[in-house]
1. Once every DSSP H run of n ≥ 4 in the chain is given -39500 (n - 2.57) and the sum is divided by its residues, what mean residue ellipticity at 222 nm do you get, rounded to the nearest 500 deg cm²/dmol?
2. If I compute solvent accessible area with a 1.4 Å probe over the protein chains, what percent of it on the stretch 383-467 is carbon and sulfur?
3. Take every Cα-Cα distance within the stretch 710-752, group them into 10 Å bins from 0 onward, and report for each bin the whole-number percent of pairs it holds.
4. For a Förster distance of 30 Å, can you work out the FRET efficiency between the beta-carbons of Ala497 and Asp415, rounded to the nearest 0.05?
5. How large is the convex hull of the C-alpha atoms of the stretch 544-660 per residue, in Å³?
6. If I take R0 = 35 Å and measure r between the Cβ atoms of His697 and Asp548 in this structure, what FRET efficiency does the formula 1/(1 + (r/R0)^6) give, to the nearest 0.05?
7. Considering only DSSP beta bridges with both partners in the stretch 133-264, what is the antiparallel share in %, to the nearest 5?
8. Give me the one-decimal Kirkwood hydrodynamic radius in Å for the stretch 313-389, with the sum taken over alpha-carbon pairs.
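The values are calculated or read from the model by the stated rules, or taken from the named source; none is laboratory data. These numbers were taken from a predicted model, which means no experiment stands behind them. Because the Cβ atoms are built from the backbone with ideal geometry, glycine has one as well, and the counts that use them run over all protein chains shown. What goes into the accessible areas is simple: the full protein's heavy atoms, side chains included, and nothing from ligands, DNA or RNA. Shrake-Rupley method; radii C 1.70, N 1.55, O 1.52, S 1.80 Å.
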Amino acid sequence: MAMHRSAPRLVAVLGPTNTGKTHFAIERMLDHQTGMIGFPLRLLARENYDRVVKLRGARAVALITGEEKILPPSPSYFVCTVESMPLDRPVEFLAVDEIQLCADPERGHVFTARLLHARGLTETMFLGADTIRPLMRRLVPNAEYVSRPRFSTLSHTGQKKVTRLPPRSAVVAFAVADVFSLAELVRRQRGGTAVVLGALSPRARNAQVGMFQAGEVDYLVATDAIGMGLNMDLDHVAFARLAKFDGRGPRRLSAAEIGQIAGRAGRHMSNGTFGTTADEGTLDPDIVAAVEEHRFEPLTRLSWRNTSLRFNSVGALLQSLDERPPMPGLIQMRDADDHRSLQLLSRNAEITALTTNPGAVRLLWEVCQIPDFCKVMSDSHARFLAHCFVHLAGPGARLPSQWVGAQMAQLDRLDGDIDTLMQRIAHIRTWTYITHRGDWLDNAADRQERARGIEDRLSDALHERITQRFVDRRSAILVRHLADGRELLASVDKDGAVAVEGTHVGRLDGFRFVPDTAEAEAMRTLLTAANRVLRGEVAARARQLAADSDEAFTLDPAGRLFWRGGTVGRLAAGEATLAPRVEVRGGDFLEGEVRERVRQRLQLFVRSEIERRVQPLFALQALPLHGAARGLVFQLTDALGCVPADQVATLLGDLDAAGRRALGRVGVRFGTESVYIEPLLRPDSVRFRALLWAVRHGRAVPSVPGARRQGRAVRLDPDLPHSFYLAIGWRPLDALALRPDRLERLAAAARSRARDGRFAGDNELAAIAGVAPDALRQVLIALGYRAVIESGDEFFVGKPRRRGARQMGGPRRAPREGHPFARLKELKFA
């Protein structure tokens, strides 16, 4: 009798939070020989990977996320983020968690693709909220449903002041500034709080939650990041805000969203409560009833994007991404980050020229999927993607190791405030993603290890900064002694002085609060109250800065940017020496779009200031030159105005008279030893070029020759490369550096004397060179002269001229037509 294999089972396990759905799915997966489960967050994937490893051992389990991969030789089980599930590997059991995220406007199309197409060989399971059931019945008609009731009750308790919330409470807001303001309030009143934001790395987030779980603090202030993937012993959730910005504009939370977050209260058999803070007011009774009874409006449409993409050309790929959904209940996803990146890059002529075959188009699409963890989709991210693609599509088919290393090195710093550290973590997470593409770069494993180490160090530093700022039990004790039942009053005057209860406690320097260090230790509790008014003051200052003229800004010799006397930023290495980028020194209350506007205004000022301070370099670039003249301009600009003549000998040999005259009018001087821009030898230009060099190389600005020493040689600093002295317009010779105009005068004088034979290195030559008489010898030897001793006296012998070479280097050029010497060729002598 023939045996018939049963059809694969498809199960939807639906229900509210805290119903054990994930635990149930992992148990089912481990009942099979092979399995795969996808989670919505890297943090969740890592947590459940650790759980499965304890049950089956590390050799049996793989972890695959966009930023982390642990792949034993032959794993039986795969724990992944939903986007990273390796669906080309057949497994008996396959599950996707939080399937209701099919409706998410940003990532929903990925979940919908898994719902429609991802299947296990014998069993497939989708976990999530019951709101997706009606649409799932229509889209996946063969699914069977399992309902999971909540083990504990969730009750509404109304509104309470933040300072009256019970221990083991979470306060929820959505803007980072609101979270920080609430955290300050909780610290003052209760001694400390953990902070959870979506922008935290998983390591920093786990550290903050661990502090709460360990009882070091009794309160948690968070965004809706706690609504998914964080298992905590919470008793109460208080909403300080009921509206959020969703990428398009502010909107009220839906009942389902409130239920998702409120459901974090209560664990297993322990009941939980939810409510609002006094400032937000009460919840609508219908929403309260929906949350308590776990009944929410069903989803009416899911995000969808075509998965059968065509890579014949960039246009075909874009067209296939724009295809309409094949069935009702699905809505086309149009503004995903990767799609927008592809649209931007498709307008780039250089990239268009490289995407001439399906393989190159597929590569471009893979590059567009590099995530922007800063979540701003700025032009800088598009330029970064273009840079990556050009290298990967080029002859080397790899990202340059030196460039990758330099990019990572810029992020391996632990200084800065909370916002700065979060920005660096976002950038290094992008590099972590890239390093897991082993076909994109050399030594991928080493790069992965380095990126992971940088992220861990930054995460630890971020956790430490957050803890230092928001956990202070001593301050809580002081507050209780000082409390008199009324709110502390804080103010900022027009000069930036900050006062609390009429007492001066510090000032605003730009956008950063600088406390008065002369105050007693007990005043620290009053200093935090000043933050209540800083947020509005900082926003007003940011608007004023964005509208101010260049006269309001200054750039000091150390690369710090000032606005109306306050420090607002500093220069950092950019794409080129003449194009440094600006790092805003903004404190914790300058964030998001406002911070970006400040950065853009400062960047405009910096560009204008550079063009003013080294104007001849930009004048050279603007000349309508070609050939050797254009090449010489590139060399001079790249070196900031001075190059050794022998390094550009070929270009000088090919330079015509018209090009030489055009360059000379801008100030370029052609010597036997150097080609340099004379106007840039002024002391102020020298100091500014030293700053540009230091910024480009990530170093402190070295000291430069002062105005009194501008004509005299200086001794080389062994810790500085020769490129520094060339960048400031000085020529390194042996252990000394000379100004190029002085060097040319010395070279000319030495040549004149050498025509008559040997000559002595006397005080006259030393004065011309600007060196001490005893140092002249090493300068002349560096110029190629040979020292000889006759009758106890030292003389110098001129260097022989190379046969067939001109003084400026290169072969002699034939005289142009019409030149007198050209006529000599035509003469015939008897």
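1. Values: 29 runs with 337 residues, N = 830.
Value at 222 nm, helices only, nearest 500: -12500 deg cm²/dmol.
2. Details: 1700 of 3450 Å².
C and S atoms contribute 49 percent here.
3. 30, 52, 16, 1
4. 0.65
5. Working: hull volume 15.1 nm³, N = 117.
Hull volume over Cα atoms, normalised by residue count, gives 129 Å³.
6. Once rounded, the FRET efficiency stands at 0.70.
7. 20 percent
8. 13.2 Å
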